[in-house]
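Visitor: Here you go, one structure.
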Amino acid sequence: MLHEMESLVKITNKRSVLILLQHTKQEETEPCIPAVRESISNIIGFVSLGDEQYLPYIIGQAVGIVDTVMIDVDAKRANSEKIRLTATQLAKDNGIAVAYYSDYSTWISSAIAFMLEIEQKNNGIVNYEDKRLLIGRNALATKMVMEMINRGMDVYLFAQEYPTPCFPTTGGTIEIASPHIHIVDELSKTHFNTLIGCELQQNSPYLDQLSNIRFEIIYDLGINNFTREFINQKRENGTQVYRSDDRAGISGIVVNLMETSELVKSRLGKTSIGGIPIVSGGYVGEQGDVVVDNYVDAHTVLGIANGDGTFKQTLTPEDEINLNRIKKLV
């Protein structure tokens, strides 16, 4: 994988990013290596693992090839924190930049975007009032429910899984009250447009009940939520079946983190020019500070800080003098 990344970097001159994922199944520990991806601005490699003992070898092999290691910080495993701390220390010791991201959150944002694009492609419009049944009771399902209701989408849940609107998280359970959450006692008595499966591992006790229900679309959120027999049966009934593809989400989060890192390292801060304080990059200046595009290498003057993260609308004579002086200097 690393040889492939190195070759692609030479050809494209893009940054190389190694993403360290965690296995969700506790019994899985040995590394798994998916295919390398090329995004608009990065070459991305992946290693999914469940034991920190492999990290010295992985990071050691990445030296000189990988620019940044992105670490999955979700609490998926008993040793999640150990994996994060070990990977961080090894990367820093070897001079590799470190960034953190939530794999669950990336999956969910990708899944929602994927789902909406499919529905818009099929119908020309997204109907937020469609009846979408979500099956699965885990932290991923919880994040999916929260994201859907935050967007104003209705979510239907099976009472045998969710007798009350209490949802599992990595740290316990939370109760979510929303008019967009509907708990259904009998699945066969409701017409659903969509079925969303979250990490069912093909052994859900509800698959038999779902076999008798007609859906327009089924989304497999994860891998192998539904059996081959279940999928074939639904396809024969005219149902479209999709597995959520998170490529865009992964590529997007990489770009987001790289841009944020660049912003914090080279554009966020405060200094002074000719005795006049200047700030940039999200640093909240004191009242009267001059705000520029980059405090290290300013080219554009944006205004005068109001002391609360906004710009002053009415400038004092001193503000005017400082503003004009900085404009002349940059």
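Visitor: May I ask you to verify whether residue 71 is under 29 Å from residue 134 (Cβ atoms), surrounded by 18 or more Cβ atoms within 10 Å (Cβ to Cβ) and not assigned by TED's automatic domain parsing to the domain that holds residue 154? Give the steps one after another, and end with the answer.
Guide: Numbers: under 29 Å from residue 134 (Cβ atoms): yes; surrounded by 18 or more Cβ atoms within 10 Å (Cβ to Cβ): yes; not assigned by TED's automatic domain parsing to the domain that holds residue 154: yes.
Answer is yes for this residue.
Visitor: Kindly evaluate residue 104 against the criterion of being in a strand (DSSP E or B) and hydroxyl-bearing (Ser, Thr, Tyr). Spell out how you get there, then give the answer.
Guide: On the way: in a strand (DSSP E or B): no; hydroxyl-bearing (Ser, Thr, Tyr): yes.
So residue 104 does not fit the description; no.
Visitor: For segment 210-229, enumerate the residues that are part of a helix (DSSP H, G or I) and not small (Gly, Ala, Ser).
Guide: In the first step, residues of segment 210-229 are kept if they are part of a helix (DSSP H, G or I); the result is 210-211, 228-229.
If the condition is that a residue be part of a helix (DSSP H, G or I) and not small (Gly, Ala, Ser), then 210, 228, 229 are the ones that fit.
Visitor: How many of the residues making up segment 90-103 are in contact with a helix residue (DSSP H, G or I) (Cβ under 9 Å, 6 or more places away or on another chain) and free of Cβ contacts under 8 Å to residues at least 24 places away in the same chain?
Guide: 1
Visitor: Tell me, please, whether a residue that is modelled with pLDDT under 90, β-branched (Val, Ile, Thr) and closer than 20 Å to residue 25 by Cα can be found in segment 141-155.
Guide: Checked against the condition, which is being modelled with pLDDT under 90, β-branched (Val, Ile, Thr) and closer than 20 Å to residue 25 by Cα, segment 141-155 yields no hits at all.
Visitor: Output the number of the condition that residue 241 fails; it satisfies all remaining conditions of (1) outside any loop (DSSP other than H, G, I, E, B); (2) over 30 Å from residue 213 (Cα atoms); (3) of a type in the set (A, V, I, L, M).
Guide: (2)
Visitor: For segment 289-330, how many residues meet the condition of being in contact with a Lys or Arg (Cβ under 8 Å, 6 or more places away or on another chain) and not in a strand (DSSP E or B)?
Guide: Taking segment 289-330 and keeping what is in contact with a Lys or Arg (Cβ under 8 Å, 6 or more places away or on another chain), we get 289, 293-296, 301, 303-306, 319.
From the residues that got through so far, the ones that are not in a strand (DSSP E or B) too are 289, 293-296, 306, 319.
Matching residues across segment 289-330 total 7.
Visitor: With the requirement that a residue be in a helix (DSSP H, G or I) and touching a residue at least 60 places away in the same chain (Cβ under 8 Å), what does segment 1-46 give you?
Guide: To start, the set of residues in segment 1-46 that are in a helix (DSSP H, G or I) comprises 2-12.
Once the filter is applied, which keeps residues that are in a helix (DSSP H, G or I) and touching a residue at least 60 places away in the same chain (Cβ under 8 Å), segment 1-46 yields 2, 5.
Visitor: Among the listed residues 78, 62, identify the single one that is aliphatic (A, V, I, L, M) and either at pLDDT 95 or above or within 20 Å of residue 257 (Cβ to Cβ) (or both).
Guide: Values: 78 fails: either at pLDDT 95 or above or within 20 Å of residue 257 (Cβ to Cβ) (or both).
So the residue among 78, 62 that is aliphatic (A, V, I, L, M) and either at pLDDT 95 or above or within 20 Å of residue 257 (Cβ to Cβ) (or both) is 62.
Visitor: Here is a list: 61, 53, 89. Which entry is within 16 Å of residue 9 (Cβ to Cβ), in the same structural domain as residue 13 (by TED's automatic domain parsing), part of a helix (DSSP H, G or I) and more than 22 Å from the chain's Cα centre (by Cα)? Before the answer, list the steps.
Guide: Working: 53 fails: within 16 Å of residue 9 (Cβ to Cβ); 89 fails: within 16 Å of residue 9 (Cβ to Cβ).
Selected residue: 61, the only one of 61, 53, 89 that is within 16 Å of residue 9 (Cβ to Cβ), in the same structural domain as residue 13 (by TED's automatic domain parsing), part of a helix (DSSP H, G or I) and more than 22 Å from the chain's Cα centre (by Cα).
Visitor: Same structure, new question: Quick check, is residue 112 outside the structural domain of residue 180 (by TED's automatic domain parsing), part of a helix (DSSP H, G or I) and in contact with a Lys or Arg (Cβ under 8 Å, 6 or more places away or on another chain)?
Guide: Values: outside the structural domain of residue 180 (by TED's automatic domain parsing): no; part of a helix (DSSP H, G or I): yes; in contact with a Lys or Arg (Cβ under 8 Å, 6 or more places away or on another chain): yes.
It is false that residue 112 is outside the structural domain of residue 180 (by TED's automatic domain parsing), part of a helix (DSSP H, G or I) and in contact with a Lys or Arg (Cβ under 8 Å, 6 or more places away or on another chain).
Visitor: Working only within segment 43-79, note down all residues that are farther than 20 Å from residue 251 by Cα and among the β-branched types (Val, Ile, Thr).
Guide: 58, 59, 63
Visitor: Of all residues in segment 251-283 being under 27 Å from the mean Cα position of the chain (by Cα) and assigned to a loop (DSSP other than H, G, I, E, B), which is surrounded by the fewest Cβ atoms within 10 Å (Cβ to Cβ)?
Guide: 282
Visitor: Exactly one of (1) surrounded by fewer than 21 Cβ atoms within 10 Å (Cβ to Cβ); (2) not assigned by TED's automatic domain parsing to the domain that holds residue 17; (3) not β-branched (Val, Ile, Thr) is unmet by residue 143. Its number?
Guide: Of (1) surrounded by fewer than 21 Cβ atoms within 10 Å (Cβ to Cβ); (2) not assigned by TED's automatic domain parsing to the domain that holds residue 17; (3) not β-branched (Val, Ile, Thr), only one is false for residue 143: (1).
Visitor: Here's another thing I want to ask about it. Pull up segment 104-135, narrow it to residues that are under 22 Å from residue 73 (Cβ atoms) and in contact (Cβ under 8 Å) with a residue 40 or more places away in the chain, then point me to the one that is surrounded by the fewest Cβ atoms within 10 Å (Cβ to Cβ). Steps first, please.
Guide: Applying the first criterion (under 22 Å from residue 73 (Cβ atoms)) to segment 104-135 yields 104-113.
Add one more test, that the residue is in contact (Cβ under 8 Å) with a residue 40 or more places away in the chain, and what stays is 106-107, 109-111, 113.
Values: 106: 20, 107: 21, 109: 18, 110: 21, 111: 27, 113: 16.
Of everything passing the filter in segment 104-135, 113 is surrounded by the fewest Cβ atoms within 10 Å (Cβ to Cβ).
Visitor: Hey, can you tell me all the residues within segment 71-120 that are of a type in the set (Val, Ile, Thr) and over 13 Å from residue 55 (Cβ atoms)? Write out each step before concluding.
Guide: To start, the set of residues in segment 71-120 that are of a type in the set (Val, Ile, Thr) comprises 71, 73, 83, 86, 88, 96, 98, 106, 108, 112, 118.
Those that are of a type in the set (Val, Ile, Thr) and over 13 Å from residue 55 (Cβ atoms): 73, 106, 108, 112, 118.
The values are calculated or read from the model by the stated rules, or taken from the named source; none is laboratory data. Please read all numbers here as calculations on a predicted model, not as lab measurements. No Cβ is skipped: glycine too gets one built from the backbone with ideal geometry, and neighbour counts run over all protein chains shown.
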